[in-house]
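Presented below is the structure to which this report refers.
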Amino acid sequence: MPTNSSFDLEALAEVMRTLGHDTRLRLIATLLDQGEKSVSEIEALTGIGQPGLSQQLAILRKAELVQTRRAAKQVYYCIAPEAFAPAAAFLNALSPDAVPRTAVIPVTPPPPPRGSAAMFAKLL
C-alpha cells in the first residue's frame, strides 16, 4: 500500500476541496458521462443556470480539472484526466481490493474466572 510520501498530499487536498462542492461534482460527473460539451449544452444537461455555471466552471478550470477549447463563439469543456490520476490512485489505495487480505481469526474474550468468594479473597 502506498505511503503518505507516495502522494502530494497538498495537491491531493486541493483536488478534493474542489470536488467537495455538489455543483462542481455534478459538472464533473456530467462531463465524465457525456464527454466534451459546450457551456450551453452543460447548462441544458445539468439545469445549472448562469452565472453560477460560469463561476463553477471557472473554479474547475483554475484547478486544472477541466480543459477548454474554443470554436467560434462557443467554449467547450472536457475533463483533464491527468489531473485526476493522483486522486484516483489515492482513492484506489483506499479500496478494500487494494488492501492486502490477511486471515482474520476471530478473537473472543476469555471467560471470566469462576470461583468462590473464598478464591477471590485469596487473590487479594
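The values are calculated or read from the model by the stated rules, or taken from the named source; none is laboratory data. What you are looking at is a predicted structure, and each value in this text was computed from that prediction instead of being measured. Positions of Cβ are backbone-derived with ideal geometry, glycine not excepted, and every protein chain shown enters the neighbour counts.
Restrict the check to region 7-14 and report whether at least one residue is outside any helix (DSSP H, G or I) and surrounded by 14 or more Cβ atoms within 10 Å (Cβ to Cβ). Break it down into steps so the answer makes sense when it comes.
Within region 7-14, the subset outside any helix (DSSP H, G or I) is 7-8.
If we keep only those that are surrounded by 14 or more Cβ atoms within 10 Å (Cβ to Cβ) as well, we get 7.
Looking for residues that are outside any helix (DSSP H, G or I) and surrounded by 14 or more Cβ atoms within 10 Å (Cβ to Cβ), one finds at least one in region 7-14, hence yes.
Picking from Q67, Q56, which residue would you name as being of a type outside the set (G, A, S), in contact with a His (Cβ under 9 Å, 6 or more places away or on another chain) and over 21 Å from S95 (Cβ atoms)?
Going through Q67, Q56 in turn, just one is of a type outside the set (G, A, S), in contact with a His (Cβ under 9 Å, 6 or more places away or on another chain) and over 21 Å from S95 (Cβ atoms): Q56.
Working only within region 60-86, note down all residues that are assigned to a helix (DSSP H, G or I) and surrounded by fewer than 17 Cβ atoms within 10 Å (Cβ to Cβ). Spell out how you get there, then give the answer.
Taking region 60-86 as the starting set, the residues that turn out to be assigned to a helix (DSSP H, G or I) are 60-62, 81-86.
Answer for region 60-86, where residues must be assigned to a helix (DSSP H, G or I) and surrounded by fewer than 17 Cβ atoms within 10 Å (Cβ to Cβ): R61, K62, P81, E82, F84, A85, P86.
What about K73, is it modelled with pLDDT of 90 or more and over 28 Å from A13 (Cα atoms)?
It is true that K73 is modelled with pLDDT of 90 or more and over 28 Å from A13 (Cα atoms).
Just one of (1) at pLDDT 60 or above; (2) part of a helix (DSSP H, G or I) trips up A98, so point out which.
Result: A98 fails condition (2) only.
I'd like the full set of residues that are surrounded by fewer than 16 Cβ atoms within 10 Å (Cβ to Cβ), in a helix (DSSP H, G or I) and of a type outside the set (D, E), limited to region 40-58.
Matches in region 40-58: S40, A44, L45, G52, S54, Q55, A58.
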